[in-house]
Amino acid sequence: MSDVDLRDEAPTGWFPVATEHDVIARVVFRGQLDGRELAVWRADDGFVNVWENRCLHRGVRLSIGCNDGNELVCRYHAWRYANRSAGCTYIPAHPADAPSRTITAQSYAAVERYGLIWTTTNGDEGSVPDIGTLSGPRLLLRSLPVNASPQTVREHLGSHRFLPAALLETGTAASADDAEVVADHGESWVTITADAAGESSTAVFFVQPVDPHRSMIRGVLADAPADEIPVLRHHAYELGRLVRKIEEAVEEPAERTPPRGFETPVILPANPWGHQRATLSMVVDRKAAVAADIALFELVPEDGSTPPTAQPGAHIDLHLRPGLVRQYSITNGPGETDRYRIAVKRDPHSRGGSAFLYEAIEEGDTIEVSPPHNGFPLRRNIPRTTLIAGGIGITPLIAMAQALDASGMTFDVHYFVAAPQQIAFRRRLATYTCEFHVGLTPAQTTDTLLDILGTPTPTRQVYACGPPPMLDALKAKARALNWPADAVHVEYFENTNEIATDSSFVIDLARSALTLEVPSGSTMLDVLRANDVPIVSSCELGACGSCAATVLGGDPLHQDVYLNDAERQGGQVVLTCVSRASGERLVLDL
Amino acid sequence: MPIATRETTDPVLDGWHPIAASGELSMGEQRRTRLLGEALDIEIDLLGNASVARATAPAEPLPTHDRYGYLWTCLGEPSIPLFEIPEVDEPGRRVLHAGTIGVHVSAPRAVENFLDMAHFPYVHTDILGVEPFTEVAEYDVHIDSINELWATDCVFWQPIAATTSTEGQMTDYEYRVPHPYCVILYKTSPIDDRKDVIALFCQPVDEERIEAHMFLCLLDASNSTAMIRDFQLTIFGQDKPILENQYPKRLPLDPRAETPIRADKVAISYRRWLSDQGVTYAVIPA
């Protein structure tokens, strides 16, 4: 038989790469399709991921990593990749940084059918073969590897024989050679019906192209025998005989080649600025009241895709109508990657966004959403974390609590609310160390914050989100207690500072070799936009940190609430949306 | 001697490479090894002198050098002097060969792993690192006047930094790369103001295989040689399966390859340093 080089005609379509028994909980299975190695793993929510089997960092096989039920963790440096989206959620070497969205592993579509995991590496075209015979009861047979090309295997499968299941269950002296068989060749499978002693069985044998010289036979019997053991044993034996016959017929065993693609290093695509600005149409899949004046919204992509990866602390921008963009923290736990969950409080003082969302947006409505941005990344290198929420400020912290809990880290939650009916996420919080502080006066709140903070230690950090007066009080108390600025992280919903825009100054853009004038009444961001300098922004209120630029020269006049004291004094970063120059000139690394 | 008339020095072919631990060679022994894809015969005469020759003709003797406890040779023009480790002559130090381990990976991949701190909590759990102390703080990298690459001011929290440790410590590291395939670590000693010296000398068997020779020059007078060796072999045994699951096996020198992060500063510099010297063996040139 001539050895066909299938590399010229790479198999297209969907093929099985694993059985349901290979992808049991918390396991990473190493599969291979057409020479390409795959890491196949099932998350605790049941979703099966099929990814290229290499970490984007140093090219280590992901299949030697750890499946923690929500994320796949690389064995080498513990980079974490999310269920479904395959986006990197955490790089432990840099706990304070949110990984770039471009750090996303190559994933392939996966479908579970006939007890097998199917995928395609040639785009999503086509579908899993629809085999009517297997629509009823079925029994997954033992898969067997063969050192022969898929084409050779399919040809030999035409002469494969076995006995009907009914005979095997009752015990028989007949041999497989006594069976009358009819083989029906499909594209990448062979359906065989065997008749003997008045009984009949049909089995479908799918051929997985492992590489041009190796295949896997994955058989499924269209029957569900009461006693599976003799049936499984018979098929394993007969298929083993077939494999031996095929391998004897193949002239020369092919030498092992490294997996396809492994000879070149992993390289990320360049980061397209436009990509970050694009919005995604998302549908409100569910809207539910979760506390007094608080509604939970679940948003799913309109096109059925997986939404971009979010990390704990991240928010999304909802474009509610022209000129009305509002940010909401994602409350999802790790691995909950098929939707974004946000909680919205109806605020009588709201600038219109929350009231609009709460009252006018219903299930089935579509909203344009900007991909997640994380200005509040969660460090996971401090042994103990205290999460302090004021009212709806619980939203980023509930995401953090779930991530810390999944990592087995120590944390406690303090939740300040005006009234008990305003407590959201009550059921989840009940499983954590959580203290509710209900109906306190501002003075009582300050005293309580003082108690919670206590004496700073290097093994403890604080994350807080809530109304500005509470966060201001927290920061003042933390300073008074000598907490280092980088151990107390706060996120404001909004910037309540008075923002001056009356100065005028010049900005030099070092990388673009541009000098631009920022007149009174305009912001740096306005001027940068007007001159087509690529820059990302989100809240444009000095609260989210999206539009930060590196300062190379000059002193910034900070008017934001995002930067911490250390960053403010360092003078090396400025938020272009609200801050200005204290002198006549700022040099920016843009 | 195979003297090629080349205009420029080849940083690999004209360099010295370790081919055996001297202490493991006995008088009268004949041994075959491989270097840069070529088979070599080592022969020790009855006076203990080593001679090395290509296993294939011409069997002319190759230059040898016995240094730091290893037998070194050169397949080209030995015009690049072997780097110095002055600490070996200091009083109060123990110079040891911890062991030789074959690894199915290129020499530069092994060097880069040796230069990496971020994997300590995950690969050398409870010894060289432990969660949650995973952060790699900013450190300095420079190339000195004799073109050796240094990473200095590296610090990392280690539960058991050395055989002499009794508790966890913030360990100071300095890394030095004096040779494309050799790397030296200077590490805080738990018991002395001076630093322990730990080196990895890779013998590039071919482009994708090494014999890793582990050299120690320690300030540990109390522990047995067996215990010190066990410690180092344990550490290296933890690295081996990671290295052997890394693809491609040769080190890519394209600066865009393999998602570098700030913690990889020394690895980024090492890849550029190899590129700048024109190293093409066991790497994927940019």
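The values are calculated or read from the model by the stated rules, or taken from the named source; none is laboratory data. If you're wondering where the values come from, they're calculated on a predicted model, not measured in any experiment. As a convention, Cβ positions derive from the backbone with ideal geometry for all residues, glycine included, and neighbour counts pool all protein chains shown. Keep in mind that these areas ignore ligands, DNA and RNA; they rest on the heavy atoms of the full protein, side chains included. Shrake-Rupley method; radii C 1.70, N 1.55, O 1.52, S 1.80 Å.
Taking the helices alone, chain B has a mean residue ellipticity at 222 nm of -4500 deg cm²/dmol, built from -39,500 (n - 2.57) per DSSP H run of at least 4 residues and averaged over all its residues. In region B:121-152, what residues drop by 40 Å² or more in accessible surface going from the chain by itself to the full protein assembly, probe 1.4 Å? When all protein chains are present, B:Tyr122, B:Pro132, B:Thr134, B:Glu135 each give up 40 Å² or more of accessible surface. Please identify the GluC sites (Glu not before Pro) of region A:120-173 that satisfy two criteria: DSSP loop assignment and at most 16 other Cβ atoms within 10 Å. Which are they? Here the sparse-neighbourhood loop sites are A:Glu125.
Remark: region A:557-570, residue by residue, has Karplus-estimated 3J(HN,Hα) of 9, 6, 10, 9, 10, 8, 5, 8, 4, 5, 5, 5, 6, x Hz, where x stands for each Gly or Pro and the curve is 6.51 cos²θ - 1.76 cosθ + 1.60 at θ = phi - 60°. Kindly identify region B:96-255 as rounded, prolate or oblate by the Cα gyration tensor criterion: order the square roots of the eigenvalues as a ≥ b ≥ c, call it rounded if a/c is under 1.5, otherwise compare a/b with b/c, prolate if a/b is larger, else oblate. It comes out rounded by the Cα gyration axes. Students often forget the sequence filter, so: which lysines lie under 19 Å Cα-Cα from B:Lys195 once same-chain residues fewer than 8 apart are removed? Cross-link targets: B:Lys187. Axis angle, to the nearest 10 degrees, between helix A:394-406 and the longest C-alpha principal axis of chain A: 40 degrees. Dipole of the protein assembly as shown computed with +1 at Lys/Arg Cβ and -1 at Asp/Glu Cβ about the Cα centre; of A:Leu221, A:Tyr415, A:Gly261, farthest Cα towards the positive end is A:Tyr415.
A simple spin-label model places the labels of A:Glu255 and B:Ala59 2.7 nm from each other, with each point 7 Å out along Cα-to-Cβ. Distance between the pseudo-spin-label points of A:Asp97 and B:Gln238 (7 Å out from Cα toward the beta carbon): 2.4 nm.
Once backbone amide H atoms are built at 1.01 Å from N, A:Gln327 has A:Leu318 as its partners under 5 Å, excluding neighbours fewer than 5 places away on the same chain.
Hydrophobic long helices, here whole DSSP H runs in chain B with Kyte-Doolittle means of at least -1.0 and Cα atoms spread over 20 Å or more along the helix axis, are found at B:225-243.
What whole number of Å gives the distance from the Cα centroid of region B:58-128 to the Cα centroid of region A:28-44? Centre-to-centre (Cα) distance: 37 Å. The calculated FRET efficiency for A:Val506 paired with A:Ala566, based on their beta-carbon distance and R0 = 35 Å, is about 0.80.
For the pair B:Thr8 and B:Arg262, the difference between a 0.36 nm per residue extended length and the Cα-Cα distance amounts to 88.0 nm.
Solvent-accessible surface of the protein assembly as shown, averaged per residue with a 1.4 angstrom probe and all protein chains in place: 42 square angstrom. Apolar share of the accessible surface for chain B: 52 percent from carbon plus sulfur atoms, 1.4 Å probe.
Just to be sure I understand the interface: list residues from region B:226-244 that lose 10 Å² or more of accessible area between the chain on its own and the complete protein assembly, 1.4 Å probe. Correct list: B:Ile242.
For region B:115-121, the Karplus equation 6.51 cos²θ - 1.76 cosθ + 1.60, evaluated at θ = phi - 60°, returns couplings of 7, 9, 9, 4, 8, 3, x Hz by residue, with Gly and Pro reported as x.
Sparsely packed loop sites in region A:11-80 (the chymotrypsin sites (Phe, Trp or Tyr not before Pro) outside DSSP H, G, I, E and B with at most 10 other Cβ atoms within 10 Å) do not occur. Rounded to a whole number, what % of the accessible area of chain A do carbon and sulfur atoms account for, probe 1.4 Å? Of all accessible area on chain A, carbon and sulfur atoms account for 48 percent.
Can you tell me how much longer the chain between B:Leu47 and B:Asp192 gets when fully stretched, taken as 0.36 nm per residue apart minus their C-alpha distance, in nm with one decimal? Taking 0.36 nm per residue and subtracting the Cα distance, the gain is 48.3 nm. Close amide-amide hydrogen proximity is noted between A:Ser512 and A:Leu590, each under 5 Å apart and 5 or more residues distant or on a separate chain (H modeled in the peptide plane; Pro and chain starts excluded). The label point for A:Arg346 and the one for A:Asp285, both projected 7 Å from the Cα toward the Cβ, are 2.6 nm apart. Shape of chain B from its Cα gyration tensor (a ≥ b ≥ c, root eigenvalues): rounded if a/c is under 1.5, otherwise prolate when a/b > b/c, or oblate? Oblate shape, in that a/c is at least 1.5 and b/c is the bigger or equal ratio.
Axis angle, to the nearest 10 degrees, between helix A:228-249 and the longest C-alpha principal axis of chain A: 80 degrees.
Charge dipole of region A:505-588 (Cα centre as origin; +1 on each Lys and Arg Cβ, -1 on each Asp and Glu Cβ, all else neutral): 80 debye, rounded to the nearest 20.
When A and B come together, around 2800 square angstrom of accessible surface is lost from both chains combined, probe 1.4 Å. A straight chain from A:Tyr432 to A:Ala530 at 0.36 nm per residue would run longer than the Cα-Cα distance by 30.4 nm. Where does chain A land at 222 nm, in deg cm²/dmol rounded to the nearest 500, when only DSSP H runs of n ≥ 4 count, each adding -39500 (n - 2.57), divided by all residues? Only helices count here, giving -5000 deg cm²/dmol. The solvent-accessible area of A:Val182, taken with every protein chain present and a 1.4 Å probe, is close to 100 Å².
Restricting to DSSP loop positions (anything but H, G, I, E, B) with no more than 13 other Cβ atoms inside 10 Å of their own Cβ, which trypsin sites (Lys or Arg not before Pro) remain in region A:328-381? Passing both the DSSP loop test and the Cβ count: A:Arg351.
Legend: mean number of C-beta atoms from other chains within 10 angstrom of residue C-beta atoms, peptide B:110-118, equals 2. Accessible area per residue (1.4 Å probe, heavy atoms of protein chains only) ranks A:Thr279, B:Thr188, B:Thr171 as A:Thr279, B:Thr188, B:Thr171, with the largest value leading. With the cut-off at 1.5 for a/c, could you classify region A:277-333 from its C-alpha gyration tensor as rounded, prolate or oblate? Rounded shape, in that the Cα axes give a/c under 1.5. Shown in residue order for region A:20-30 are the 3J(HN,Hα) couplings computed by the Karplus curve 6.51 cos²θ - 1.76 cosθ + 1.60 at θ = phi - 60°: 5, 6, 6, 10, 6, 4, 6, 10, 10, 9, 9 Hz (x for Gly and Pro).
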